[in-house]
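S.K.: Below is a structure I'd like to ask you about.
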Amino acid sequence: MPFTSSVLPAAPAGYATPLLAVALPAGPLPSSLTALDAQTGGAIGRLLASGDFAGKKDELALLHPAGPASRVLLIGLGKPGEVGRGAVRRAAAQAAKRARTLGAPTLGFFLAPEGLGQVTPVEAGQVIAEGLGFGQWHYLDMKQPPEDKKPLLESAELLAPQQTAELGAGHAVGLAIAAGQSFTRTLQFLPGTVCTPSYLARQAGDLVRRHGFKGRVLDLAALRQEKMGGLLAVAQGSAEEPKFIVLEYEGAPGKPVVLVGKGVTFDTGGISIKPADKMEDMKYDMSGAASVLGVFEMLGRLKPKVRVVGLIPTCDNMPSGTAVKPGDVITSHLGKTIEVINTDAEGRLILCDALSYARRFEPACVVDAATLTGAVVVALGHSASGLMGTDEKLMEELRQAGDRAGERVWPLPLWDEYRDLIKSDIADIKNTGGRPAGSITAGWFLREFTEGYPWAHIDIAGTAYSDREDGTRVKGPTGVCMRLFAEFVLGRAG
Ligand code: BES
Ligand code: MN
Ligand code: ZN
């Protein structure tokens, strides 16, 4: 049974549940909680008065009151004036996560309206659904069931005694985004042996069947016919067949938004092989592709009035006797020749063919997401994705979508002088420019293949996954860019 959440027009007092999560702002007991407080024999009021729980951001307190809710989990939102979408989304994620560790099969979530801050009820409904889905996500299929198997969180109810319609409308959007987000994260998490290019192609096929999209998958023969020299070069060292996935959602007439996702299902570096340490994380090198597939799951559920095309070049990057070598010159789909300096700079080689292929859709704009460079982690750490592009308005639109989604992006400049770093002695361009400005030269490389449409590039190498749990992040796949893309395309749908 997949997890789901729903909206219930009920007050928290009197609601029977194994776990009642209550998100509230810092300060005295909000009046929306007086009835619940009375029902708990004044336990919530005493806790707040004691100062043991102050309602600070991410602060948690678990009570076991007598009454229809056997547990009450208080979740702090921070200062009431400063509460934003992120704090509410995180509170919902914390609730779902705690339900999982407690073994509660269901939970009720109540956001004290005094804690709305800058957030509208519609927005709150949306980010609560997103957060519940985020906190609940897990992947157990490859583990033996533990001896003391706890029940899994199967459902959640958003308690909405007031503003039920607004919370419900937002919740419906958030639920679709949450479904896409979980899909994205599961794809990211799967090992390279499972999540191959063919597997991604089958997942795309499933989306087409379930939601009635247009779509096709180019196989090896089609890639040769199409002259996708970049994708073919990267794939030639692997036994896995490369694929090029095309998805089309037509919710409105007009020029489409084209989303491109890097789909390297495992990146060893190829002949320019990577060091062993952390190489296992390179199963995440298809995170851009996963975010695009997640967006289509959302589109299929919500059916917004917008036209979106998804393009996914996907392959493995392996060293072998047939692999592409440093010094080789290849011809891209656009016709430009590329000197391969480093076979580990493979993402740009497959993306450039997708950016060239995109022209046939006469795009309103093209945005790509890719785990492209380690250098973006040096520049921005794990707190933001790198943003580059040729269109200031598009970039600002993406920046705002990222803020709404809680997936920040931050601009890096594509000044002309950086272009000099990827001049080749033998070909039109070379695929690396050395260590300085590594994310920017990668961006500049892509830019050379973006003829005739506004384009932006999001480098998610630092944000797609996390190797540790800290303040705002979880261990493992983050699903990054799925929510950003959702906000972006829904914003275009008006
Ligand atoms: N997939 C990697 C980038 C990456 C690094 C993703 C760390 C996630 C975490 C990409 O294909 C790569 O290897 N880039 C090289 C480019 C270099 C050879 C110019 C890099 O960043 O080192
Ligand atoms: Mn690489
Ligand atoms: Zn890579």
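The values are calculated or read from the model by the stated rules, or taken from the named source; none is laboratory data. All values reported here derive from a predicted model rather than from experimental measurement. In this analysis, Cβ positions are derived from the backbone assuming ideal geometry, glycine residues included, and neighbour counts consider all displayed protein chains. To get the accessible areas, we keep the full protein, side chains included, count just its heavy atoms, and leave off ligands, DNA and RNA. Shrake-Rupley method; radii C 1.70, N 1.55, O 1.52, S 1.80 Å.
Here's the yes/no breakdown for (1) more than 15 Å from Val480 (Cα to Cα); (2) open to solvent by less than 50 Å² (accessible area, probe 1.4 Å); (3) assigned by TED's automatic domain parsing to the domain that holds Gly335:
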{"site": "Thr371", "(1), (2), (3)": "no, yes, yes"}
{"site": "Leu394", "(1), (2), (3)": "yes, yes, yes"}
{"site": "Gly402", "(1), (2), (3)": "no, yes, yes"}
{"site": "Val409", "(1), (2), (3)": "no, yes, yes"}
{"site": "Leu414", "(1), (2), (3)": "yes, yes, yes"}
{"site": "Leu421", "(1), (2), (3)": "yes, no, yes"}
{"site": "Ile440", "(1), (2), (3)": "yes, yes, yes"}
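S.K.: Can you report the number of residues in region 21-71 which are more than 36 Å from the chain's Cα centre (by Cα), within 26 Å of Arg100 (Cα to Cα), small (Gly, Ala, Ser) and open to solvent by less than 60 Å² (accessible area, probe 1.4 Å)?
M.R.: Residues meeting the conditions: 2.
S.K.: Can you tell me which of (1) open to solvent by 10 Å² or more (accessible area, probe 1.4 Å); (2) in contact (Cβ under 8 Å) with a residue 40 or more places away in the chain; (3) in contact with an Asp or Glu (Cβ under 8 Å, 6 or more places away or on another chain) is the one Gln203 doesn't meet?
M.R.: Gln203 satisfies every listed condition except (3).
S.K.: Moving to a separate point now. How many residues does region 307-322 hold that are open to solvent by less than 10 Å² (accessible area, probe 1.4 Å), within 16 Å of ligand 2 (Cβ to nearest atom) and among the aliphatic types (A, V, I, L, M)?
M.R.: Of the residues in region 307-322, 0 are open to solvent by less than 10 Å² (accessible area, probe 1.4 Å), within 16 Å of ligand 2 (Cβ to nearest atom) and among the aliphatic types (A, V, I, L, M).
For every residue, the table says whether it meets (1) of a type outside the set (Phe, Trp, Tyr); (2) touching a residue at least 24 places away in the same chain (Cβ under 8 Å); (3) within 30 Å of Gly402 (Cβ to Cβ).
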{"site": "Gln39", "(1), (2), (3)": "yes, yes, no"}
{"site": "Gly42", "(1), (2), (3)": "yes, no, no"}
{"site": "Lys57", "(1), (2), (3)": "yes, yes, yes"}
{"site": "Gly84", "(1), (2), (3)": "yes, yes, yes"}
{"site": "Ala91", "(1), (2), (3)": "yes, yes, yes"}
{"site": "Arg100", "(1), (2), (3)": "yes, yes, yes"}
{"site": "Phe109", "(1), (2), (3)": "no, yes, yes"}
{"site": "Glu114", "(1), (2), (3)": "yes, yes, yes"}
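S.K.: Still on this structure, please answer the following. How do the pairs read when you match residues in region 146-168 that are modelled with pLDDT of 95 or more and open to solvent by 70 Å² or more (accessible area, probe 1.4 Å) with residues anywhere that are of a type in the set (Val, Ile, Thr) and assigned to a helix (DSSP H, G or I), using Cβ under 7 Å and keeping only pairs 6 or more apart or on different chains?
M.R.: So the pair list comes out as Glu166/Val122.
S.K.: Could you check region 436-473 and list, in sequence order, the residues that are of a type in the set (Val, Ile, Thr) and at pLDDT below 95? Let's see the steps before the verdict.
M.R.: In the first step, residues of region 436-473 are kept if they are of a type in the set (Val, Ile, Thr); the result is 440-441, 450, 458, 460, 463, 472.
Result: Thr472, single match.
S.K.: Working only within region 334-362, note down all residues that are open to solvent by 10 Å² or more (accessible area, probe 1.4 Å), in contact with a Phe, Trp or Tyr (Cβ under 6 Å, 6 or more places away or on another chain) and more than 14 Å from ligand 3 (Cβ to nearest atom).
M.R.: Residue satisfying the conditions is Leu334 alone.
Listed here are the residues, each with its yes/no results for (1) farther than 21 Å from Asp148 by Cα; (2) crowded, with 20+ Cβ neighbours inside 10 Å.
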| site | (1), (2) |
| --- | --- |
| Thr101 | no, no |
| Pro105 | no, no |
| Gly108 | yes, yes |
| Pro113 | yes, no |
| Val122 | yes, no |
| Gln126 | yes, yes |
| Gly131 | yes, yes |
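S.K.: When you go through Glu248, Glu240, Glu226 one by one, which is the residue that is within 21 Å of the chain's Cα centre (by Cα) and of a type in the set (Asp, Glu)?
M.R.: Of the residues listed, the single one that is within 21 Å of the chain's Cα centre (by Cα) and of a type in the set (Asp, Glu) is Glu248.
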